[in-house]
Amino acid sequence: RAMRCSLLLILAVGVWAQAAASGRSVEEQLERMSIALRSLSYEGTLVYSHDGRLETLRIVHRIEDGRAHERLESLNGPLRTMTRERGQVTCRLSGDHRISVQPQGLGADLLRSRSIDITVLSPHYLVHPLGSARVAGRQTEVVGIIPRDSLRYGYRFYLDTESGLPLRSDLMGSEARPIEQLMFTSLTLDPVQLPAGTIAPEQGPERVPVSKELGPWRFGPLPPGFELVMVDRSPDAAGDLVEHFVLSDGLASVSVYVENGAEDGLTGGSRIGAIHAAGGKVAGHQITVVGEAPAGTVRAVLAAVVHTGGDGR
């Protein structure tokens with residue numbers, strides 16, 4: 001038993017030493033990750049694990065003129081491809097059937113490319129190093145983002161020591177069990193990188209000023225840490241106006257969709273993998289809340305939606 005304890009101690013010290021070897025703080029590691037995702041060109045094979053299923057994907061990611069161009073193709077099951085160019089996402093499901101969508105919200109990228117501000121996260125997450133590991137034959141530094149409550153998921157990022165690119169990401173549920181995992185099994189990095197200063201600025205929702213016109217909709221008490229970061233209004237396929245609100249705690253995001261008089265909308269809850277949804281009627285409008293967050297968080301956001309009775313909508 002003493003020998004076993006000694007071995008565990010040696011292993012623990014070894015993990016700590018590996019984590020400290022790079023000399024980078026977790027803040028620096030996460031910043032390197034966001035820069036790598038915005039500036040590096042690469043291609044490789046990914047394995048995506050969710051709901052007890054495994055999918056193999058081929059990704060080609062190129063930076064041209066400071067903009068990302070990406071193609072993602074399924075390698076098992078029905079042929080499915082997704083391309084992303086100039087902010088427009090086109091999905092080909094089978095044959096020549098294509099769907100084009102404008103990505104909205106904070107989770108538009110396959111791999112997260114937005115900067116993570118630890119000072120914003122610290123009231124609700126614990127961020128710390130978890131040592132090192134090998135992924136796709138490359139050495140990585142592991143960073144854990146652990147929720148302080150049950151209102152959000154946790155994350156583990158395995159960051160390539162050489163480039164900062166996330167080679168594996170785990171979405172963690174209760175009892176530290178992975179809900180979804182995304183991992184490179186092979187990776188080729190483009191050796192020619194953009195000169196400093198040519199990376200395009202991040203495109204995405206800006207935080208909404210308090211004075212911004214929100215129409216008749218307001219939010220009552222929200223889950224701690226979540227606040228409104230984006231408002232968008234656009235017509236649906238039938239030409240009816242759909243209002244879209246995005247709430248975020250700096251890492252997780254939840255979308256709220258408001259449709260006028262929808263009769264066949266979601267009532268109650270639904271779930272696909274780590275995505276939870278909740279829906280119901282407020283003042284004759286269909287409200288649908290969708291997010292990569294626990295069911296209780298999504299329900300709490302739905303309960304916070306308030307119609308002020310103005311604008312006649």
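The values are calculated or read from the model by the stated rules, or taken from the named source; none is laboratory data. The structure presented is a predicted model; accordingly, all values stated were derived computationally and were not measured. Please note: Cβ atoms are built from the backbone with ideal geometry, for glycine as well, and neighbour counts cover all protein chains shown. All accessible areas refer to the heavy atoms of the entire protein, side chains included, with ligands and DNA or RNA removed. Shrake-Rupley method; radii C 1.70, N 1.55, O 1.52, S 1.80 Å.
Here are the numbers for the structure shown:
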| read-out | value |
| --- | --- |
| Qualifying residue in segment 236-258 (condition: over 26 Å from Thr119 (Cβ atoms), of a type outside the set (Val, Ile, Thr) and in contact with a Leu (Cβ under 8 Å, 6 or more places away or on another chain)) | no |
| Which listed residue, of Val143, Val47, is at pLDDT 80 or above, closer than 16 Å to Leu171 by Cβ, touching a helix residue (DSSP H, G or I) at 6+ places or on another chain (Cβ under 6 Å) and in a strand (DSSP E or B) | Val143 |
| Checking Gly239 against (1) of a type outside the set (Lys, Arg); (2) in a loop (DSSP other than H, G, I, E, B); (3) in contact (Cβ under 8 Å) with a residue 12 or more places away in the chain; (4) open to solvent by 10 Å² or more (accessible area, probe 1.4 Å), the condition it does not meet | (3) |
| Any hit, segment 241-264, residues being at pLDDT 90 or above, within 20 Å of Arg152 (Cβ to Cβ) and in contact with a Ser or Thr (Cβ under 6 Å, 6 or more places away or on another chain) | yes |
| Residue check, Arg218 at pLDDT below 85, among the basic types (Lys, Arg) and either closer than 26 Å to His50 by Cα or not in a loop (DSSP other than H, G, I, E, B) (or both) | no |
| Subset tally (residues that are in contact with a His (Cβ under 8 Å, 6 or more places away or on another chain), of a type outside the set (Gly, Ala, Ser) and more than 22 Å from Asp170 (Cα to Cα)) for segment 234-258 | 3 |
| Failed condition for Asp117, given (1) farther than 24 Å from Arg53 by Cα; (2) buried (at least 17 other Cβ atoms within 10 Å of the Cβ); (3) within 16 Å of the chain's Cα centre (by Cα); (4) at pLDDT 75 or above | (2) |
| Answer from Gly291, Gly273, Gly269, Gly296 - the residue that is modelled with pLDDT of 95 or more and within 24 Å of Ser49 (Cα to Cα) | Gly296 |
| All positions within segment 262-281 that are among the aliphatic types (A, V, I, L, M) and open to solvent by 30 Å² or more (accessible area, probe 1.4 Å) | Leu266, Ile272, Ile275 |
| Residue in segment 291-305 that is open to solvent by 30 Å² or more (accessible area, probe 1.4 Å) and part of a strand (DSSP E or B) present | no |
